[in-house]
Amino acid sequence: MSVFIAKRVLTLIATLIGASMVIFLVMEILPGDPALVILGVDASESAVQTLTKELGLDRPPLERYISWITGLLQGELGNSYAYKVPVWELVQGALLITLPLAIMSIILSIVLALVIGLYAAANHNKAGDVTLMGISQLGISIPNFWLAILLIILFAIELRWLPAGGFPGWDEGILKCLTALLLPSLALATVVGAILARITRSSVLEVFREDYVRTARAKGLSQRATLWRHVLRNALIPVLTVTGIQFAALLTGTVVVENVFHIPGLGSLVLKAINNRDTIVVENVVLLLATMVITVNFLVDILYAVIDPRLKAHDI
């Protein structure tokens with residue numbers, strides 16, 4: 001097991017290094033001068049050059065990349081060009097909103113997937129199965145930003161059960177904050193949950209056709225007992241794969257959904273930073289999101305070995 005984990009850790013580190021290079025290169029080739037954006041188009045050339053030197057943007061790209069990575073390893077993210085405050089202060093405040101939103105969304109997605117997928121598989125080709133799969137197909141087709149607008153109209157404007165947007169702050173109470181995040185998390189979870197539900201159904205039905213499952217049923221084991229004792233463990237392997245992949249899509253979706261609900265999370269922060277050409281904030285936020293996605297995939301690989309030891313043995 002230690003060899004298996006060591007290989008995955010090395011892959012994790014190599015992927016993070018590659019991601020940091022890509023992020024830095026993309027920011028380098030994007031048009032726009034941060035100093036000019038901050039000072040305005042009417043600023044003198046000498047003032048722009050002075051600010052460029054002050055921000056360290058006059059240094060060679062390789063030197064700035066090494067300085068950025070060295071700072072990250074030391075826990076120093078640098079200062080925002082636009083806000084003149086440490087980037088970590090901006091990221092920390094936004095992360096305390098985005099992370100709970102992402103966790104709520106993925107939990108809702110998994111719950112929806114298991115409930116719908118298992119019920120549909122247990123009632124294969126019956127009315128419930130056909131209806132739920134039709135609804136899940138509709139859920140996959142709906143863009144999360146459009147669903148977010150519909151949820152606001154229904155639950156905030158018409159029914160007035162939930163707030164239409166904004167975030168009160170954690171000092172106002174956990175319940176109030178979680179209530180503010182409920183509609184955004186539902187908008188994000190619907191698409192991911194619909195995809196996972198279809199994968200769960202297909203995976204469960206495939207395992208149901210295995211010989212050992214038919215043997216268990218022939219021995220008199222009920223369908224429910226067979227499902228929980230023999231089917232679910234093996235059926236979860238492809239579901240875990242897709243969950244890890246969809247988590248990346250979920251994090252990407254927060255960029256749009258947070259702006260629809262006016263939530264000051266990482267998505268809102270990175271869009272403001274792009275508009276302000278605050279490259280140091282964009283680089284750190286995007287790398288943080290990439291790290292979260294890569295880490296989730298790493299944990300999924302470890303869970304593979306726990307659920308199915310054959311994968312670990314084959315990899316070693």
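Classify the chain as rounded, prolate or oblate, taking a ≥ b ≥ c as the square roots of the eigenvalues of its Cα gyration tensor: rounded when a/c is under 1.5, otherwise prolate if a/b is larger than b/c and oblate if not.
Oblate shape, in that a/c is at least 1.5 and b/c is the bigger or equal ratio.
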Range in the chain, longest, excluding exposed chymotrypsin sites (Phe, Trp or Tyr not before Pro) [loop by DSSP; at most 16 other beta-carbon atoms within 10 Å]
162-316
Using amide H atoms built in the peptide plane, which far-off residues or other-chain residues are under 5 Å from N79 H to H?
V87
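If exposed trypsin sites (Lys or Arg not before Pro) are those in a DSSP loop with at most 13 other Cβ within 10 Å, what is the longest stretch of the chain that has none?
Working: sites that count: K84, K126, R160, R209, K219.
The answer is 220-316.
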Taking the solvent-accessible surface of protein heavy atoms with a 1.4 Å probe, what is the per residue accessible area of segment 1-134 in Å²?
58 Å²
Largest fluctuation, E28, E258, E63 only, Gaussian network model of the chain with Cα springs under 10 angstrom, belongs to E63
Residue-ordered couplings for segment 276-287, obtained by feeding phi - 60° into the Karplus form 6.51 cos²θ - 1.76 cosθ + 1.60 and rounding to whole Hz (Gly and Pro as x), are 8, 6, 7, 4, 5, 5, 4, 4, 6, 5, 5, 5
Count neighbours as other Cβ atoms within 10 Å of each site's Cβ, and list the GluC sites (Glu not before Pro) in segment 155-215 that are DSSP loop with at most 15 such neighbours.
E210
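For the chain, give the percent of accessible area contributed by carbon and sulfur heavy atoms, probe 1.4 Å, rounded to a whole number.
Roughly 67 percent of what the probe reaches on the chain is carbon or sulfur.
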Can you run phi through the Karplus equation (6.51, -1.76, 1.60; θ = phi - 60°) for segment 79-89 and list ³J(HN,Hα) in whole Hz, with x for Gly and Pro?
10, 5, 5, 7, 9, 6, 10, x, 4, 4, 5
Fully extended, how many nm does the chain gain between V256 and R214 (0.36 nm per residue separation, minus their Cα-Cα distance)?
10.5 nm
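The values are calculated or read from the model by the stated rules, or taken from the named source; none is laboratory data. Because the structure is a prediction, the values reported are computed rather than measured. FYI the Cβ positions are ideal-geometry reconstructions off the backbone, even for glycines, and counts take in every protein chain you see. What goes into the accessible areas is simple: the full protein's heavy atoms, side chains included, and nothing from ligands, DNA or RNA. Shrake-Rupley method; radii C 1.70, N 1.55, O 1.52, S 1.80 Å.
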